[in-house]
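Student: Got a structure here, written out as structure tokens. Questions coming.
A short reminder: the numbers here are calculations on the coordinates, not readings from a lab. Since the model is a prediction, treat every value here as computed from it, not as a measurement. Counting neighbours? That spans all protein chains shown, and the Cβs are built from the backbone with ideal geometry, glycine included.
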Amino acid sequence: MKPSRDVFVQYRVINGIKYIMKNYKVFQLDEIGEMIWDSLDGETTLQQIAEKVANTYDVDVETVHNDVEVYIQELLEKKLIEVE
């Protein structure tokens, strides 16, 4: 799976807080959410994203993989990303 950001989603930083917006809906990103969002380029796999998060926070890749998969699924349900 190689997810990518929807082209109609806007990314903004306001007062140091990161947001993504689509169709007048606004979602705030935390530090990990931002790391995942930045990795959604259509080339990086889910496994690679999980490894990046795991290495950054020194945690088990398998645990992180499940969490990243859930987060990606939520973004898909909100139509903020695409998977080809």
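Student: How much length, in nm to one decimal, is gained on full extension between MET21 and ASN55, taken as 0.36 nm per residue of separation minus their Cα-Cα distance? If you can, show how the numbers build up before the last one.
Tutor: Numbers: separation 34, 0.36 × 34 = 12.24 nm, distance 2.83 nm.
Length difference between fully extended and current span is 9.4 nm.
Student: Let a ≥ b ≥ c be the square roots of the eigenvalues of the Cα gyration tensor of the chain; is it rounded (a/c under 1.5), or, if not, prolate (a/b larger than b/c) or oblate?
Tutor: Details: a/c = 2.09, a/b = 1.37, b/c = 1.52.
Oblate is the answer for the chain, as a/c is 1.5 or above yet b/c matches or exceeds a/b.
Student: Based on Cβ point charges of +1 for Lys and Arg and -1 for Asp and Glu, what charge dipole magnitude is obtained for the chain about its Cα centre, in debye rounded to the nearest 20?
Tutor: Details: 9 positive and 17 negative charges, 121 e Å.
Charge dipole of the chain: 580 debye, to the nearest 20.
Student: Tell me, what is a quarter of the convex hull surface for the C-alpha atoms of the range 1-49, in nm² with one decimal?
Tutor: Spelled out: convex hull of the Cα atoms, projected over all directions, averaged, 3.6 nm².
Student: Quick one: if the Förster radius is 25 Å, what FRET efficiency do GLN28 and GLU69 give, using the C-beta to C-beta distance and rounding to 0.05?
Tutor: On the way: r = 21 Å, r/R0 = 0.83.
About 0.75, to the nearest 0.05.
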